[in-house]
Amino acid sequence: MEDKMVTIDELVQIILTNDKQYDLSKILSAHEFAAKAHEGQFRSSGQPYIMHPLAVAKILLELGMDTDTVCAALLHDVVEDTAATTEDLKKRFGTDVAQLVEGVTKLKKIPIFNKEQQQAENVRKIMLAMAEDIRVIIIKLCDRLHNMRTLGFRPADKQRNTAAETMHIYVPIANRLGIRAVKDELEDLSFKYLDPFAHSEIEQIMAMKKNEREEFIHSIKAYIGEHLKDHQFEREPEISGRVKSNYSIYKKMYMQHKEFDQIYDKYAVRVIVSTVAECYAVLGLIHDMYRPLPNRFKDYISTPKANMYQSLHTTVLGREGIPFEVQIRTWDMHATAEYGIAAHWKYKEGIKGTDKMDQRLAWVRQVLETQQTSDDVEEIVRIIKNDLAPEDIFVMTPKGDTVSLPVKATVIDFAYRIHTEIGHKTMGAKVDGKIVPLDYELQTGQICEIMISKDPDKGPNRAWLDIAKTNDAKAKMRSWFKKERREENITTGRSMLEKELKRSRILIPEEELEAFLADDLKRHNCSSLEDFYASIGYGGIILQKLLPRWKDLYHKNYCMEEKPQDQSIITPIRTPSTSRIILDDISDCAVKFAQCCNPLPGDDIIGFITRGHGISVHTTQCINYKSMLSRNIPEEQERWVEIQWTDTSNTAMQTGIEIVALDRVGLVFDICAILTEARIPIVHSSSRVLKNGNAIFDASIKIVNKSQLTAVFDRIRKIKGVLSVERATN
């Protein structure tokens, strides 16, 4: 549902009752400018468009942001959606406001880019602006939060795509900035649209025993409060309680395969005190009052999270036998935990000095530097999805230093996180004193020792690019290959390109290849074909992403110019869905694709001349085709004709898939999440449990070609419990 419409009077009331000093006249002027610029524009809900900037400004006021940020929120869409320009804003509201609006404004669509590249370019632009002024991303997060609150008015496909983008890009950024309230709400809203069935189920579970939970939390707070009264504190501790968010419970239930009653930290009580010493004193009192559960204590005060979060976490067993989590922190830690980077504006004591601010923003520069080592613009999205994921592990060096890494990080990632040269010269590793392979996935609390080579010429192995999980490690390896192995990269890249072009039947004369690739050389900043080969060789360019466009370009510029060499004429069939097919000795006729095998561009195909219905296209592996061949009836044999695809255009074709897996909760969500992320429409689907305990998932999907299907199958096979993935046949 659309949230309550915010008015300018409501914003004024918040400002007047706030302890912070705001330039109210400037904010009113920004609202007047925005209201006039958006006049006549409406949201999908039917409400005037100006209500969206007002809602975003309200969220920013709640975070305690300054006057210029609130003005920029009111104006954040005027450059993108109206006739107003950045210069207009600069003259009226100053350089700071204009630059903030410019940073949030999306790039105009570039025709050569696909949706993924367009998304990546927009994210990259925001990150660059964010490195200059962190307020850009705070505005963007609040903009996305309000759009997610009002997503119910958008079409279903837009809902899923926006929710997936939010979960993969904006949630990790909000988490790394430490803005917990925004991060949690974005997660829950995205979850609602990505898996509505699971969301509804958890809401029902939570609603069933709401009163019991509230009474349980109230009793714990009262019991702890009574015990703390007997001890001296600088300031009276604040005790609060809550139930975990829907998405947090979902992750435990569906991703860790636990029942609701098995989630030990679904209830949480928070105790806020004045000093670090008081934190540890309260921890001792809690452990005297309740029995702590083993291996459930985390000290984020001595080892802060990557987003500077600090707190003590312990899970204890209540008198009723119900486990719950206790979080203990200081007031300063609480400000950072709730508001993250925004605490710098909300509380003067939130972040002391520029050094701490620089420390908190170091990851922004790291993301940009990592992306620059790759010539693939979409690398920046992968970095955010993988390296900024909310879950981190903490691994120790032999000297006791703590290294924070994403979940599933390997020994290689650990080595490169310590130092680039240590990563390059890695030859082995010990974890807790035992030698482990380089692809060993590290766990929190382990001690990792890297064994390095003394050979001055030692460098990384190309196979490590597949082992490493963090983009930081991959970027450092690519940088080494780029600098140290140029000739080898050129040879490798040329070989890879020739292989892919041959496999895709793109036959370009060598003297014309540079002209054919001219646009790509320019886009990837390559001044020559050798630079392009080298970039492919060290992993800066991913060929699979370029091939679909090359195939279109090749068939447009080369295939149409081919002339028949003899009487065996090659003629394209002129029907709505068959511009892809070439048949020998056959002129215009109807063509249909056989439903028994659902052929896709890239399959080896054969045509069958039907009686009165044109040509039926089958794969050469089709059971009906093989059956007819085995009968060896001359009349039938003569009706099979050689055909081939002319191109692999972007027109999607329907095909069936069949997935067999171990039955578990969340399986269907995992499969659908991959199909959604790959932007593959699901026409219909069904699932059932087999007698042997396995589950089978059938779906009809729209796919562009065999290569796309193969790539999706590879990802689905990595889902936990999947036994087989096949194309369905009738």
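The values are calculated or read from the model by the stated rules, or taken from the named source; none is laboratory data. Note that the structure is predicted; figures quoted are calculated from it, not measured. Reconstructed Cβ throughout: ideal geometry from the backbone, glycine too, with neighbour counts over all protein chains shown. For accessibility, only protein heavy atoms count, side chains too; no ligands or nucleic acids. Shrake-Rupley method; radii C 1.70, N 1.55, O 1.52, S 1.80 Å.
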remark   = Just one listed residue, out of Lys125, Lys140, is modelled with pLDDT of 80 or more, surrounded by 15 or more Cβ atoms within 10 Å (Cβ to Cβ) and closer than 24 Å to Cys71 by Cβ, and it is Lys140
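Looking only at the stretch 51-81, filter to residues that are part of a loop (DSSP other than H, G, I, E, B) and open to solvent by less than 30 Å² (accessible area, probe 1.4 Å); which one of those is nearest to Asp19 (Cα to Cα)?
Gly64
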message = Need pairs with beta-carbon distance below 9 Å; first residue at negative phi and within the stretch 236-253, second in a strand (DSSP E or B) and hydroxyl-bearing (Ser, Thr, Tyr); sequence gap 6+ or separate chains.
response = Gly241/Tyr267; Arg242/Tyr267; Val243/Tyr267; Lys244/Tyr267
request  = Could you grab me the full set of residues in the stretch 16-34 that are under 24 Å from Lys90 (Cβ atoms) and in contact with a helix residue (DSSP H, G or I) (Cβ under 8 Å, 6 or more places away or on another chain)?
outcome  = Tyr22, Asp23, Leu24, Lys26, Ile27, Leu28, Ser29, Ala30, His31, Phe33, Ala34
key: Test for Leu293: is it at pLDDT 90 or above and of a type outside the set (Val, Ile, Thr)   = no
ask   = Of the residues that make up the stretch 437-449, is at least one hydroxyl-bearing (Ser, Thr, Tyr), out of contact with any Gly (no Cβ under 7 Å at 6 or more places or on another chain) and surrounded by fewer than 17 Cβ atoms within 10 Å (Cβ to Cβ)?
value = yes
ask   = What strands (runs of 3 or more DSSP E), lying completely within the stretch 273-349, carry at least 1 residues that are of a type outside the set (Ser, Thr, Tyr) and surrounded by fewer than 17 Cβ atoms within 10 Å (Cβ to Cβ)?
value = 291-299, 312-317
remark   = When the stretch 144-161 is checked residue by residue, the ones that are under 19 Å from Asp77 (Cβ atoms) and either open to solvent by 40 Å² or more (accessible area, probe 1.4 Å) or assigned to a helix (DSSP H, G or I) (or both) are Arg144, Leu145, His146, Asn147, Met148, Arg149, Leu151, Phe153, Arg154, Lys158
key: Members of the stretch 450-475 that are of a type in the set (Lys, Arg), closer than 21 Å to Ala534 by Cα and over 19 Å from the mean Cα position of the chain (by Cα)   = Lys458, Arg462
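Yes/no per residue for (1) among the aliphatic types (A, V, I, L, M); (2) closer than 26 Å to Ala57 by Cα:
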{"position": "Ala163", "(1), (2)": "yes, yes"}
{"position": "Arg176", "(1), (2)": "no, yes"}
{"position": "Phe191", "(1), (2)": "no, yes"}
{"position": "Ser200", "(1), (2)": "no, no"}
{"position": "Gln204", "(1), (2)": "no, no"}
{"position": "Lys210", "(1), (2)": "no, no"}
{"position": "Phe216", "(1), (2)": "no, no"}
{"position": "His227", "(1), (2)": "no, no"}
{"position": "Lys244", "(1), (2)": "no, no"}
ask   = In the stretch 162-181, is there at least one residue being at pLDDT 90 or above, within 24 Å of Arg43 (Cβ to Cβ) and open to solvent by 30 Å² or more (accessible area, probe 1.4 Å)?
value = no
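Scan the stretch 4-49 residue by residue and report those that are of a type outside the set (D, E, K, R), in a helix (DSSP H, G or I) and open to solvent by 50 Å² or more (accessible area, probe 1.4 Å).
Matches in the stretch 4-49: Gln13, Leu16, Ser25, Leu28.
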query = Residues in the stretch 213-235 that are part of a helix (DSSP H, G or I) and either in contact with a helix residue (DSSP H, G or I) (Cβ under 9 Å, 6 or more places away or on another chain) or free of Cβ contacts under 8 Å to residues at least 40 places away in the same chain (or both): how many?
reply = 12
